[in-house]
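Q: So that we are looking at the same thing, I have put the structure below in structure tokens.
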């Protein structure tokens with residue numbers, strides 16, 4: 001998209017930036033792209049300066065008295081902002097939650113097998129959600145599910161922190177375990 005086409009467009013739909021011909025204020029406090037201050041000048045004069053430099057006139061603070069505008073390369077400015085956002089996202093740590101399901105009538109060897117997987121997840125730094133699904137009449141006795149999770153927790157104590165103790169959510173009894181800090 002050419003710069004001239006951008007000027008005619010004025011207001012950007014995506015970010016509501018008011019620039020060039022879309023600026024409707026008569027007097028502006030204008031700043032240059034290199035930090036230069038032009039002071040309070042008319043909109044037409046500011047537009048002429050921007051066009052001479054081949055840049056855009058962007059309204060930075062419309063609520064100020066008088067409104068503040070800056071002469072800048074808007075495309076470059078927007079690119080720099082996107083680049084900063086991308087860097088910030090890259091530095092964020094994404095928490096991965098793994099789920100291990102049990103049933104009320106689970107055998108001891110099955111508990112050991114599933115706990116082995118939960119330990120592996122915790123050792124890799126992932127959070128683990130332990131769930132017991134209550135079927136049919138088991139809903140009348142949710143403490144059975146709590147008992148299963150109470151048997152599981154001692155096997156994970158040495159590798160995890162108990163974030164949320166066993167609690168019921170609908171048909172599930174959930175327990176949330178996070179890895180120990182290294």
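Q: For the range 167-178, name all the residues that are in a strand (DSSP E or B), farther than 19 Å from residue 125 by Cα and touching a residue at least 12 places away in the same chain (Cβ under 8 Å).
A: Quick first cut of the range 167-178, residues in a strand (DSSP E or B) only: 167-169, 172-178.
The next check asks that each one be farther than 19 Å from residue 125 by Cα; those that pass are 167-169, 172-174.
Once the filter is applied, which keeps residues that are in a strand (DSSP E or B), farther than 19 Å from residue 125 by Cα and touching a residue at least 12 places away in the same chain (Cβ under 8 Å), the range 167-178 yields 168, 172, 173, 174.
Q: Sticking with this structure for a sec: How about the range 142-166: which of its residues are in contact with a strand residue (DSSP E or B) (Cβ under 6 Å, 6 or more places away or on another chain) and farther than 20 Å from residue 122 by Cα?
A: Scanning the range 142-166 gives 142, 145, 146.
Q: Okay, next question. Take the range 1-25 and flag every residue that is part of a loop (DSSP other than H, G, I, E, B) and either closer than 16 Å to residue 72 by Cα or at pLDDT 85 or above (or both).
A: So the first thing to find is which residues in the range 1-25 are part of a loop (DSSP other than H, G, I, E, B), and the list is 1-2, 10-18, 23-25.
The answer is 2, 10, 11, 12, 17, 18, 23.
Q: Determine the pairs where a residue that is touching a residue at least 24 places away in the same chain (Cβ under 8 Å), located within the range 112-123, has a partner that is part of a helix (DSSP H, G or I) with Cβ atoms under 7 Å apart, the partner being 6 or more residues away or on another chain.
A: Sorted first by the residue in the range 112-123, then by its partner, the pairs are 115/152; 115/155; 115/156; 118/156; 119/156; 122/156.
Q: For the range 61-164, which strands (runs of 3 or more DSSP E) that fit wholly inside it have 1 or more residues that are within 28 Å of the chain's Cα centre (by Cα), at negative phi and surrounded by fewer than 16 Cβ atoms within 10 Å (Cβ to Cβ)?
A: Of the strands (runs of 3 or more DSSP E) lying wholly inside the range 61-164, those with at least 1 residues that are within 28 Å of the chain's Cα centre (by Cα), at negative phi and surrounded by fewer than 16 Cβ atoms within 10 Å (Cβ to Cβ) span 97-103.
Q: I need the full set of residues from the range 40-60 which are in contact with a strand residue (DSSP E or B) (Cβ under 9 Å, 6 or more places away or on another chain) and either part of a loop (DSSP other than H, G, I, E, B) or not assigned by TED's automatic domain parsing to the domain that holds residue 18 (or both), in order please. Write out each step before concluding.
A: First, the residues of the range 40-60 that are in contact with a strand residue (DSSP E or B) (Cβ under 9 Å, 6 or more places away or on another chain): 40-43, 45-47, 49-51, 53, 55-60.
The one that is in contact with a strand residue (DSSP E or B) (Cβ under 9 Å, 6 or more places away or on another chain) and either part of a loop (DSSP other than H, G, I, E, B) or not assigned by TED's automatic domain parsing to the domain that holds residue 18 (or both): 55.
The values are calculated or read from the model by the stated rules, or taken from the named source; none is laboratory data. Being a predicted model, the structure only gives us computed values, none of them experimental. We place every Cβ from the backbone using ideal geometry, glycine too, and count neighbours over all the protein chains shown.
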